[in-house]
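**Student:** Before I ask anything, here is the structure I am working with.
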Amino acid sequence: MDRSRLHTVLYVDDEPDIREVVHMALSLTGELSVHTCESGEQALAAMGHIKPDLVMLDVMMPGMDGPTTMRKMRTDPALADIPVIFMTAKAMPQEITRFRELGALGVIPKPFDPMRLSSQVFALWESLAE
Amino acid sequence: MNEQEVHERMRQLGIKFAKRTQGELVVMRELVEQARQGDAQAVRTLELLAHKIHGTGATFGLTGISDAAGEIERAVAQAAAGALAFDDACAKLVAACMGRLQSELDSFNMSA
């Protein structure tokens, strides 16, 4: 996958401080336009106008959690093809397998290093081409 | 923004997070009481709050706070999944874990 084709990222997390850290971390390289939402419901409503190339979802959120948000995306033809990365503090092997079976591009464990987050995201994005 | 500025912003956010967590401990104590009375939603909310503190604390490098919240999350996990009742023993264990979380917050506030 052409790295330059990853331009717009939507990050979804109910935790405001983590949203700020992820926004800051992904903006460091100057290559990405980063948007954030605080819930799965808000993200689904916003995707139509943000048109993200990639969606990053926290797994455990009140209301609509990350996996449910992804399942909803997959039932909407306009959103079905957008790659999804999960971020979770419960990155156990069986959970990672479950997320991959759902069709996720990958999983980034929490805690993450803000200085390395962009490279982790680009590495997963580039794995789309493999 | 350079690396030093990122670390400084992370430090500031960590302080803000610790202050918010102090308020969330009050909420968690109320949730424990509701859980003891059989409120299943209160147990799930308690698990979610503990999970958030665990994950966010770790992101800010606040290991003691994160670990204490992780203990609460583990203590309520089976009750939140419906596998066990949230009984007095569970409430006592959670209260002990919350005591550790309070101690970690106190230590952090003294050093911040």
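**Student:** Of the numbered conditions (1) touching a Leu at 6+ places or on another chain (Cβ under 8 Å); (2) within 14 Å of chain B (Cβ to nearest Cβ); (3) touching a residue at least 60 places away in the same chain (Cβ under 8 Å), A:Met24 fails exactly one; give the number of that condition.
**Tutor:** Failing condition for A:Met24: (1).
**Student:** Residues in the stretch A:74-90: is at least one part of a helix (DSSP H, G or I), at pLDDT 95 or above and in contact with a strand residue (DSSP E or B) (Cβ under 7 Å, 6 or more places away or on another chain)?
**Tutor:** no
**Student:** Given the criteria under 14 Å from the mean Cα position of the chain (by Cα) and at the interface with chain A (Cβ under 9 Å from one of its Cβ atoms), does B:Gly61 qualify?
**Tutor:** Details: under 14 Å from the mean Cα position of the chain (by Cα): no; at the interface with chain A (Cβ under 9 Å from one of its Cβ atoms): yes.
Answer is no for this residue.
**Student:** State whether the residues of the stretch A:34-56 include one that is within 12 Å of another protein chain (Cβ to nearest Cβ) and out of contact with any Cys (no Cβ under 9 Å at 6 or more places or on another chain). Break it down stepwise before answering.
**Tutor:** Step one: of the stretch A:34-56, the residues within 12 Å of another protein chain (Cβ to nearest Cβ) are none.
No, the stretch A:34-56 has no match at all.
**Student:** Just one of (1) surrounded by fewer than 17 Cβ atoms within 10 Å (Cβ to Cβ); (2) out of contact with any Leu (no Cβ under 8 Å at 6 or more places or on another chain); (3) among the acidic types (Asp, Glu) trips up A:Asp14, so point out which.
**Tutor:** With (1) surrounded by fewer than 17 Cβ atoms within 10 Å (Cβ to Cβ); (2) out of contact with any Leu (no Cβ under 8 Å at 6 or more places or on another chain); (3) among the acidic types (Asp, Glu) applied to A:Asp14, the lone miss is (1).
**Student:** Restricting to the stretch B:21-42, give me the number of residues that are within 14 Å of chain A (Cβ to nearest Cβ) and surrounded by 14 or more Cβ atoms within 10 Å (Cβ to Cβ). Break it down into steps so the answer makes sense when it comes.
**Tutor:** Narrowing the stretch B:21-42 to residues within 14 Å of chain A (Cβ to nearest Cβ): B:21, B:23-24, B:27, B:31, B:41-42.
With surrounded by 14 or more Cβ atoms within 10 Å (Cβ to Cβ) added as a condition, the list becomes B:21, B:24, B:31, B:42.
Count: 4.
**Student:** Let me ask something additional. Run down A:Thr97, A:Thr75 and say which single residue is farther than 23 Å from A:Ala46 by Cα and open to solvent by 20 Å² or more (accessible area, probe 1.4 Å).
**Tutor:** Details: A:Thr75 fails: farther than 23 Å from A:Ala46 by Cα.
Checking each option against the conditions leaves just A:Thr97.
**Student:** Please count how many residues of the stretch A:84-130 are among the β-branched types (Val, Ile, Thr) and away from every other protein chain (no Cβ under 14 Å). Even if it seems obvious, please write down each step before you answer.
**Tutor:** From the stretch A:84-130, those among the β-branched types (Val, Ile, Thr) are A:84-85, A:88, A:96-97, A:107-108, A:121; that's our starting set.
Right, trim to away from every other protein chain (no Cβ under 14 Å) and you get A:84-85, A:96-97, A:121.
The number of residues fulfilling the criteria is 5.
**Student:** Tally up the residues in the stretch B:43-54 that are among the aliphatic types (A, V, I, L, M) and either closer than 11 Å to B:Ala79 by Cα or within 9 Å of chain A (Cβ to nearest Cβ) (or both), please.
**Tutor:** From the stretch B:43-54, those among the aliphatic types (A, V, I, L, M) are B:43, B:46, B:48-50, B:53; that's our starting set.
From what's left, either closer than 11 Å to B:Ala79 by Cα or within 9 Å of chain A (Cβ to nearest Cβ) (or both): B:43, B:46, B:48.
Looking only at that region, the number is 3.
The values are calculated or read from the model by the stated rules, or taken from the named source; none is laboratory data. What you see is a predicted model, and the numbers here were worked out from it, not measured in a lab. Glycine gets a Cβ as well: all are built from the backbone with ideal geometry, and neighbour counts include every protein chain shown. The area values use the complete protein model at the heavy-atom level, side chains included, leaving out ligands, DNA and RNA. Shrake-Rupley method; radii C 1.70, N 1.55, O 1.52, S 1.80 Å.
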